[in-house]
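First comes the structure, then the notes that go with it.
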Amino acid sequence: MLCYDNQQIDSAVFRLYNMADTKPVSMGRQSRKYVPRARTKRPLGLQSDSSQSPNKPHPTPTKKGEKWFLPNPLASRLYQKSGLGSLDEEGILLEPLEVMFCHWNRHIPVSETWVNDRIQSDYNFIAKSVVFDVARSGGEIVIPVGNLPNDKFTNNTFAVKWSRNSSHFSSESLSQIRWFWASQEVDWTDLINWVNSVIEVGDLPEIFVIDDEMDITMYRISYEELSGNQGHWNHLSAKEVTALKDLMEQMTPTPTGCFIQGFSSWPLKSIGVEHLSGVNLRQEEIDWIINKLADDAVHETLFSHLTEQGCILRPGFKYGCKWRVYDDDVGNSHAPWLLQPISEAPSSWEQTCLSVRLAEGVHKKWVCGLKDSNDWRFLHIKRWLPGRV
């Protein structure tokens with residue numbers, strides 16, 4: 001039997017006390033290999049750079065109406081090579097956000113009070129300037145609508161973009177840009193009308209969302225075709241339809257739908273989930289079957305449309321959406337789409353960003369289902385980065 005004196009016990013207790021009070025070392029932080037992305041601060045004042053700075057200081061823009069004048073020959077280079085400004089006698093006229101871009105990227109000086117004066121006259125000036133700067137960061141030509149004729153853009157467009165390998169003088173534009181604060185509510189009707197107008201003229205709709213950190217997330221919007229390879233109602237035989245009608249009359253109600261058993265083979269592979277030697281149906285699936293048995297084609301829902309397009313719709317609770325939409329058997333593939341009906345779409349750009357980020361984080365497309373005239377359409381919003389087509 002081991003014996004310890006009081007001094008040994010006190011010493012051991014002291015060591016244990018100090019060990020408990022010591023903060024554990026975070027192995028996770030030490031094991032990180034990546035370097036955090038540098039945050040652009042966009043300082044004011046011309047930056048000294050021997051390889052980029054001009055030998056002779058550039059002139060300061062002077063106010064002319066609502067725009068800012070720069071003289072030739074500098075103005076001519078900015079207009080011809082960079083698509084900046086609109087032509088004026090002996091020079092170009094710049095929008096205030098173009099002046100800011102030129103200050104950051106073309107060594108154009110501004111006075112000490114110039115930025116503050118612009119903010120006082122337009123409280124969105126900083127956001128617009130940052131959006132414009134980021135839009136051009138991939139090398140594309142981006143022109144604010146104030147420098148373009150009205151037939152070059154649609155209502156509510158902020159700027160028009162040309163790809164970096166094409167001329168804005170002779171080539172068709174690539175996309176049209178619109179921007180929002182992250183906290184702004186999404187007016188889906190207004191957004192859809194704008195997207196349709198942009199697509200109609202052959203451009204890509206791009207959305208820039210800016211947060212309170214002056215960081216920007218960019219999206220491209222298009223329409224997605226949703227269809228699958230599952231059998232349709234019309235593929236059922238008369239015998240299968242009769243058997244299905246009998247089974248529906250024997251269903252046992254559950255809190256979310258019903259439970260059916262007593263069959264050897266369930267005829268609708270895209271409807272219901274098989275469990276306990278039977279099948280569980282959700283209420284929307286029950287309604288669809290009842291309407292089909294009644295031959296009621298008057299009211300087509302989003303669920304019925306996609307089911308009849310050969311898709312499988314499963315609850316999207318785990319992914320923050322209405323449905324996971326499969327184009328093949330659930331056991332054969334993952335769901336390509338996460339779908340939210342327009343009636344349940346996110347109310348703000350913050351929520352929209354969260355939905356899209358979650359979908360793309362699990363390699364799926366986030367789509368919003370909406371009724372357009374007499375047809376269903378699926379608005380696909382995806383993130384992208386400048387410089388990528």
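The values are calculated or read from the model by the stated rules, or taken from the named source; none is laboratory data. All values derive from a computational prediction rather than experimental measurement. Glycine also receives a Cβ, built like all others from the backbone with ideal geometry; neighbour counts cover every protein chain displayed.
Among residues of the range 128-170 being assigned to a loop (DSSP other than H, G, I, E, B) and touching a helix residue (DSSP H, G or I) at 6+ places or on another chain (Cβ under 9 Å), the one that is nearest to Gly83 (Cα to Cα) is Phe169. Reported count of residues in the range 292-319, each being of a type outside the set (D, E, K, R) and touching a strand residue (DSSP E or B) at 6+ places or on another chain (Cβ under 8 Å), is 11. Any residue in the range 111-127 that is buried (at least 20 other Cβ atoms within 10 Å of the Cβ) and part of a loop (DSSP other than H, G, I, E, B)? No, because not a single residue in the range 111-127 is buried (at least 20 other Cβ atoms within 10 Å of the Cβ) and part of a loop (DSSP other than H, G, I, E, B).
The sole residue among Ser163, Ser183 that is touching an Asp or Glu at 6+ places or on another chain (Cβ under 7 Å), under 30 Å from Pro336 (Cβ atoms) and not aromatic (Phe, Trp, Tyr) is Ser163. Of all residues in the range 345-365, exactly one satisfies the criterion of being among the basic types (Lys, Arg), buried (at least 19 other Cβ atoms within 10 Å of the Cβ) and over 14 Å from Lys322 (Cβ atoms), namely Lys365.
Listed here are the residues, each with its yes/no results for (1) in contact with a strand residue (DSSP E or B) (Cβ under 9 Å, 6 or more places away or on another chain); (2) under 28 Å from Arg42 (Cβ atoms); (3) small (Gly, Ala, Ser).
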site	(1), (2), (3)
Ser175	yes, yes, yes
Trp179	yes, yes, no
Ser183	yes, yes, yes
Met214	no, yes, no
Tyr219	yes, yes, no
Ser222	yes, no, yes
Ala243	no, no, yes
Gly262	yes, no, yes
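The condition of being among the hydroxyl-bearing types (Ser, Thr, Tyr) and modelled with pLDDT of 80 or more holds for only one of Tyr4, Tyr34, Tyr17, Tyr79, that being Tyr79. Close contacts from the range 186-209, counting a first residue that is surrounded by 17 or more Cβ atoms within 10 Å (Cβ to Cβ) and a second that is in a loop (DSSP other than H, G, I, E, B) and among the small types (Gly, Ala, Ser), with Cβ to Cβ under 6 Å and a gap of 6+ residues or different chains, come to Trp188/Ala345; Asp203/Ser173; Val209/Ala182. The residue that is nearest to Glu284 (Cα to Cα), among those in the range 311-365 that are of a type in the set (Val, Ile, Thr) and in a strand (DSSP E or B), is Ile312.
Restricting Leu293, Leu313, Leu244 to residues that are in contact with a helix residue (DSSP H, G or I) (Cβ under 8 Å, 6 or more places away or on another chain), farther than 30 Å from Ser355 by Cβ and buried (at least 19 other Cβ atoms within 10 Å of the Cβ) narrows the list to Leu244.
I'd like to know if the range 302-310 contains one or more residues that are touching a Gly at 6+ places or on another chain (Cβ under 7 Å), at positive phi and either assigned to a loop (DSSP other than H, G, I, E, B) or outside the structural domain of Gln351 (by TED's automatic domain parsing) (or both). Yes, the range 302-310 contains at least one residue that is touching a Gly at 6+ places or on another chain (Cβ under 7 Å), at positive phi and either assigned to a loop (DSSP other than H, G, I, E, B) or outside the structural domain of Gln351 (by TED's automatic domain parsing) (or both).
Of Asn147, Asn156, all but one fail to be touching a residue at least 60 places away in the same chain (Cβ under 8 Å) and among the polar types (S, T, N, Q); the exception is Asn147. Quick one: would you say Ser277 is touching a strand residue (DSSP E or B) at 6+ places or on another chain (Cβ under 7 Å), over 20 Å from Ser304 (Cα atoms) and small (Gly, Ala, Ser)? Yes, satisfied. Among residues of the range 316-335 that are farther than 19 Å from Leu354 by Cβ, those with a Cβ under 7 angstrom from a residue that is among the β-branched types (Val, Ile, Thr) and modelled with pLDDT of 95 or more, sequence gap 6+ or separate chain, pair up as Tyr326/Ile312; Val330/Ile312.
Of all residues in the range 89-103, exactly one satisfies the criterion of being surrounded by fewer than 18 Cβ atoms within 10 Å (Cβ to Cβ) and either in contact with a helix residue (DSSP H, G or I) (Cβ under 9 Å, 6 or more places away or on another chain) or part of a strand (DSSP E or B) (or both), namely Glu90.
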